[in-house]
1. Quick one: net charge around residue 74, please, counting Lys, Arg +1 and Asp, Glu -1 for every other residue with C-beta under 11 Å from its C-beta.
2. So if R0 is 41 Å, what FRET efficiency would residue 121 and residue 226 give, r being the distance between their Cβ atoms, rounded to the nearest 0.05?
Amino acid sequence: MSVPRNVAFTGTGSLPATVARRGRQDHGEERTSDVLAAFRANLPDGRVSLGDLIQALGDRSLGTILLALSLPTIAPVPLGVSCLFDLPILLFSAQMAFGKRGATLPGWILRRSVSRSLAARMIDKAMPRLTAIERMLKPRHSRFASIDGERWFGVLVLLLSLTCVVPLPLTGWLPGFALVLLSLGLIERDGAAVAVSLALTVAALVFFALVASSLSYAGQTLLAATSYPAFMA
């Protein structure tokens, strides 16, 4: 499968010609998990790239790209592999936060790849969680499902992405779940899911700040305790 030189999101739900026109009109009424399962059954030989995954999911716009980038958050993978997804999601969300209407993923990022066997294991681990979330989704409250072009939305996604990337204890699961729920909410046009994911985003940011401040305080206390005897001596 050929990988496009870049993938762009314009804020209106469109992708380049190499990826466009491959959404629900191609997949019918299949859910995202159905499309992902079909991709799992027909993985490219050799290595599987991020571009392969995005193309397989089809033109589902911002939600597609966010879901592709956030899969490692619900499918535990080795640290070295998760790092392959960290830079793309930060780059993409940063462009959104700065109001870029044509946010892009360059070709060198789309060509980042993992082995076929690792891609299969990652999808297998993600699928049960993905289908469990999907069962709760349906098109509703379209106003909330149409906020993906708002700049403040980009800022929230960027902050959420940062909490996923920074390896603080116990902080990864909540933002990861919020990001996947947000992605699927946008894909399925479920405004209620988007609203819940935004609330979870705020909760994740607060929890992250509390953990970070607690660790900082503990570190300062430990440093003071270990340096005090030396100072007295």
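1. Values: positive: 125, 129; negative: none.
Once positives and negatives cancel, what remains is +2.
2. Numbers: r = 43 Å, r/R0 = 1.04.
Taking R0 as 41 Å, the efficiency between residue 121 and residue 226 is 0.45.
Every read-out reported here was derived from the displayed coordinates using simple, explicitly stated rules and does not represent laboratory data. Because the structure is a prediction, the values reported are computed rather than measured. Positions of Cβ are generated from backbone atoms using ideal geometry, with glycine treated the same way; all protein chains shown enter the neighbour counts.
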